[in-house]
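Have a look at the structure below, then the notes.
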Amino acid sequence: MRTDRELIQLYLRDAGDGEEAFRTFYWRHRQSLYVYILSIVRHRENAEEVLQETLITFLRHARKLGSTENYRPWLLRAARSRSIDRLRKEERETRARKLRAERDLTPRVPDPADLAGSGLSEEVVNVLVQLPVEQSEVLILRGSVELTFAQIAELTGVCENTAVSRYRYAVQKVRDTLIQGGKGDFTDRSHSRG
Amino acid sequence: MTSPIDPTPEDSRFFAELSALEPSSETDQRILEAAGFELGRQGGLERARRVIFQGSLWAAMVVVTVLVVLLAPESGPGIPGESSSPSDSASPRPGSESTTHPASSDSSSSDSVSSRRISPEVATRDSLAARVSASPGAVPTGEAPLAAGGVVPAAEAPDASWIPDDSVVLEAVELLSLELKGLRREASRLPPEERDLRLELESRIENTHRDLMDLRRSLRGHRAPADHPVPVSSTPTPTEDSQP
């Protein structure tokens, strides 16, 4: 199996099988990136747009990234950055709409309907939308993307203990929700501050 | 005792559902198309950069060639090795009477020419002085030979075959012009009572002026100064017919 570096070098050389090499590379990373982005933006369409932006940015910078063997850390950092930007943009727009309509400064609560049609059960959707971004992010990075806590700490810019504690809280809420049938109590609504 | 972060069945179910999440096929298609487009775009950029670079190189070479051609020193007829320092051109040199062949502009005669570099002023003055001194009644003094005399007979004139090249003549013209200017200035400052000195100065001015005119004519016609009679004064010149 070719490494990320070999695939990207094939792509950049464009010796005829460049597009096929990129397709292999993309298929290797797309699912974990998508789920991670979704854990932050909590909106399917926004998550797909962010995924697209992340990959295009990667393509434009591929030549300058050097000959690293694994591009996943770069992809995750870029995905995180864009996801948080998109989240903040959504919040600003929501606040602006509410200011114009109702003069209500309540921050937007993620709507389970945003994840409708994703194939997730109602319980899982509820867990995702109700968890704070910091916790859902760590939950996905650990459970789906399968990073170590040290890698998660480096990516999110916190110390390893903080990453571990966030994961613990998130896992506890997931369990409580699923055990109770999707009716977990999520009182911590703090959104990511980047 | 298990750690709170150890996976449980609920966790496994949660993550199993999440692992089923995938972007839509439209998103996949858009991303793969963007990869193809980006490849073409970067290839085009590379080609454009290469073309611009090569074009710039060619343009730079053309500019440098044109500059070299325009700024190259003129390699026309001249005295090779001639120095441009003022001291060389102004200082008189012994034995400076010209005996070289006039067609000395090519480099094959450069050694003989450069070995006896003659300042143009001295060359002109010496040839004139030789003509004057050879004429009867000439006064053998420093400046006086130019003030006296008449036409130098052709037989006794310096080598008429020596024709200085244009650059030498130009330099002589310039020197004589300066001298003429200086003489006129000196004459204008003389008090009226210095009559003799004034007459001498006027004579020198006239002679210098004639020399200058001769040189200018030689520039135009490339005729040796010796071909022209050089009346240095207004007195009638003795000829064979008029001699007793």
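Worth pointing out:
- Heavy-atom accessible surface that B and A bury in contact, both chains counted, 1.4 Å, Å² to 100: 3400 Å²
- When all protein chains stay in place and ligands, DNA and RNA are ignored, the 1.4 Å accessible-area order of A:1, B:61, largest first, is A:1, B:61.
- When only Cα pairs below 8 angstrom with a gap of at least 6 residues are kept, the stretch A:28-98 shows a relative contact order of 42 percent.
- Extents of the stretch B:4-65, largest first, come to 81, 31, 7 Å (Cα atoms, principal axes, whole angstrom).
- Rg to Rh quotient for the stretch A:1-60, alpha carbon positions, Kirkwood Rh: 1.05
- Shown are A:56, A:40, whose ranking by accessible area with a 1.4 Å probe and every protein chain present, most to least, is A:56, A:40.
- Threshold 30 Å², the stretch B:5-25 residues less accessible with all protein chains present than alone (1.4 Å probe): B:5, B:10, B:11, B:13, B:14, B:15, B:17, B:18, B:21, B:22, B:23
- Accessible heavy-atom area order of B:62, A:35, highest first, probe of 1.4 Å: B:62, A:35
The values are calculated or read from the model by the stated rules, or taken from the named source; none is laboratory data. From a predicted model like this one, the values you see are computed outputs, not experimental measurements. Side chains are part of the model used for accessible areas, which takes the heavy atoms of the whole protein and leaves out ligands, DNA and RNA. Shrake-Rupley method; radii C 1.70, N 1.55, O 1.52, S 1.80 Å.
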